[in-house]
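Shown below is the structure under consideration.
Just so you know, all these numbers are worked out from the coordinates, no wet-lab data involved. All values reported here derive from a predicted model rather than from experimental measurement. We place every Cβ from the backbone using ideal geometry, glycine too, and count neighbours over all the protein chains shown.
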Amino acid sequence: MQGPSEFSVGGVLEFWNITDRLHLVDVPTLVVRGEFDSMTEECSNVAVNNIRKAFPLISIPRSGHIKMIDEANLYIDALNKFFVTVEN
């Protein structure tokens, strides 16, 4: 779907873009990226800035795309803070 690798998009997803629909997301949203994630900070901020109830971007240091494994404790701490804030 994406192409030969995650770094060279060329499949059916090459021109797929739903940025113009992010404003329709109407639930509390947490966007989390790893410091060395293939999802850039700029791209992550597009989601944060266009989702009405998005929380500030969380960047997990010393981690890549699978931050829940690379830095599990930091990831869980971020989730807990998000859940507590949403529940309150």
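Just checking my list (i) 13.4; (ii) 15.9; (iii) 14.3 against Kirkwood radius over Cα pairs in Å computed from this structure; which label fits?
Entry (iii).
Charges only on Cβ, +1 for Lys and Arg, -1 for Asp and Glu: so what's the dipole of the chain about the Cα centre, in debye to the nearest 20? Before the final figure, lay out each step's value.
Details: 7 positive and 12 negative charges, 48 e Å.
Magnitude of the dipole: close to 220 debye.
Once phi is turned into ³J(HN,Hα) by the Karplus curve 6.51 cos²θ - 1.76 cosθ + 1.60 with θ = phi - 60°, what whole-Hz value does each residue of segment 44-50 show in order, with x for glycine and proline?
After applying 6.51 cos²θ - 1.76 cosθ + 1.60, I find 4, 5, 4, 5, 4, 6, 10 Hz.
Search the structure for amide H atoms under 5 Å from the amide H of residue 54, placed 1.01 Å from N in the peptide plane, and list their residues when 5 or more places away or on another chain.
Result for residue 54 returns 29.
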